[in-house]
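All remarks here apply to the structure that follows.
The values are calculated or read from the model by the stated rules, or taken from the named source; none is laboratory data. Since we're looking at a predicted model, the values are computed, not measured. Positions of Cβ are backbone-derived with ideal geometry, glycine not excepted, and every protein chain shown enters the neighbour counts. Calculation scope for accessible area: heavy atoms of the full protein, side chains included, ligands and nucleic acids excluded. Shrake-Rupley method; radii C 1.70, N 1.55, O 1.52, S 1.80 Å.
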Amino acid sequence: MAEENGVRDPSLNGGARDRSSITWSLGDQPRSLGPWSLGEAEERRHLKYARRVVIKVGTPVVTHADGGIAIGRISAIVEQIVQLVKKGKEVVLVTSGAIGHGILRLQGQAMLSSSLRSHLSGEAVSTEYIDLKAAAAVGQSGLMYMYDMLFREYNMTCAQILVTEEDWSDVSALSQLRHTTAELLSIGAIPIVNENDAISMRTLPVIGSGNRVEWDNDEIASLLASALHADVLLILADFDRLHALGSSGKAEPLVKYSPLAELVHDCDASGAAVGEAGRPPYESRIARGGLDMMVEAASQATTHGVRTAIILSGLDHGNIARVLNGEDVGTIFLAE
């Protein structure tokens, strides 16, 4: 059984899935929502007219490194979503962080439980391992409590929608997902989507070496944005932009994504690429595998009907408003 940092995931027996095997059909062929891209600058200016927005909030944004919920960051995101809804936009939120938060909660619970059992039995009881499926079940309730509490402050209602990988290939399930989401949006509620990790059969590791995130709902956000015919997909990470190897041999910020770009995950403060043991200047908690999945998700979204996808920082409290106001924020992916 795969283990990492005292955490075990019973779903990892199958090993990591081939990232190129992601299914994006959604029952349809790749489609276009209109003319070809107008170019990076013009597409950014047109973001203020986006009507349906899917926002994916990553684990490094939702939680601190120890698994505690980053209430300040989430509060800022909720406030920006509320303002978007007041402007007549439809917003769907895809959240991560349930497993990370659940691990923290279960570690505390296990410690209390083991102390009692040790006292009653007179024998030491191990608390070394936490089951990630159980952690997901615990963490999800904590996340939804937080979101519900924050949206209530603005007299707004949020709703939980849990999906699994199999739902995207089930025509009936996908149709119901679209219908339920449309009903919620029609009454001004905020659908909050997460993977049902407690029962998901997905085999890709969630947390990898160095407690870095390998899987973070990027694929789900991309599939959802396409299924709902969203105008834009925003993927909130813990860094400002993607970085690519420049002609100088150093990592440079990437304003517009190109499949020809040689992405750099780790680099020192000067921009020089370093090995896997190094840390990027923005201290990302996303592993290289997680970064690749994020880029693939953004690319596939723009291939399957979403006009624009942007990877940007969720640590900056005003980024959602700024990017949708046309400002030069994050790395943009265009439907080309």
With r defined as the distance between the Cβ atoms of Asn211 and Tyr145 and R0 fixed at 22 Å, what FRET efficiency is calculated, to the nearest 0.05? 0.35
Roughly how far apart, in whole Å, are the Cα centres of the stretch 37-93 and the stretch 296-334? 9
Can you give the accessible area of Glu90 in Å² (nearest 10), computed on protein heavy atoms with a 1.4 Å probe? 30
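Quick one: of Lys56/Lys86; Lys56/Lys133; Lys48/Lys86; Lys86/Lys256; Lys89/Lys256, which pairs are farther than 23 Å apart, Cα to Cα?
Values: Lys56/Lys86 20 Å; Lys56/Lys133 21 Å; Lys48/Lys86 14 Å; Lys86/Lys256 30 Å; Lys89/Lys256 25 Å.
From the list (Lys56/Lys86; Lys56/Lys133; Lys48/Lys86; Lys86/Lys256; Lys89/Lys256), the Cα-Cα distance tops 23 Å for Lys86/Lys256; Lys89/Lys256.
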Using a Förster distance of 25 angstrom, determine the FRET efficiency expected from the C-beta separation of Leu38 and Leu263, and round it to 0.05. 0.50
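Between His64 and Asn325, what FRET efficiency follows from the Cβ-Cβ distance if R0 is 25 Å, with the result rounded to 0.05? Could the numbers behind the result be given before it?
On the way: r = 29 Å, r/R0 = 1.15.
It comes out at approximately 0.30.
So how much slack lies between Thr180 and Asp316, counting 0.36 nm per residue of separation and subtracting their Cα-Cα distance, in nm?
Values: separation 136, 0.36 × 136 = 48.96 nm, distance 3.14 nm.
Value of the extension gain: 45.8 nm.
Need the full-extension length gain, Lys256 to Ser299, defined as separation in residues times 0.36 nm minus the C-alpha distance. One decimal, nm.
Gain on stretching Lys256 to Ser299: 14.3 nm.
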Per residue of the stretch 76-83, in order, report the coupling 6.51 cos²θ - 1.76 cosθ + 1.60 (Karplus, θ = phi - 60°) as ³J(HN,Hα) in whole Hz, putting x for Gly and Pro. 5, 5, 4, 4, 5, 5, 4, 5
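Taking 0.36 nm per residue of separation and subtracting the Cα-Cα distance, what length does fully extending Asp170 through Gln83 add?
Full-extension gain reported as 27.9 nm.
Residues with beta-carbon under 11 Å from that of Ala321, excluding Ala321: net charge, scoring Lys, Arg +1 and Asp, Glu -1? Walk me through the numbers on the way to the answer.
On the way: positive: Lys48, Lys87, Arg322; negative: Glu79, Asp316, Glu327.
Here the charged neighbours net out to 0.
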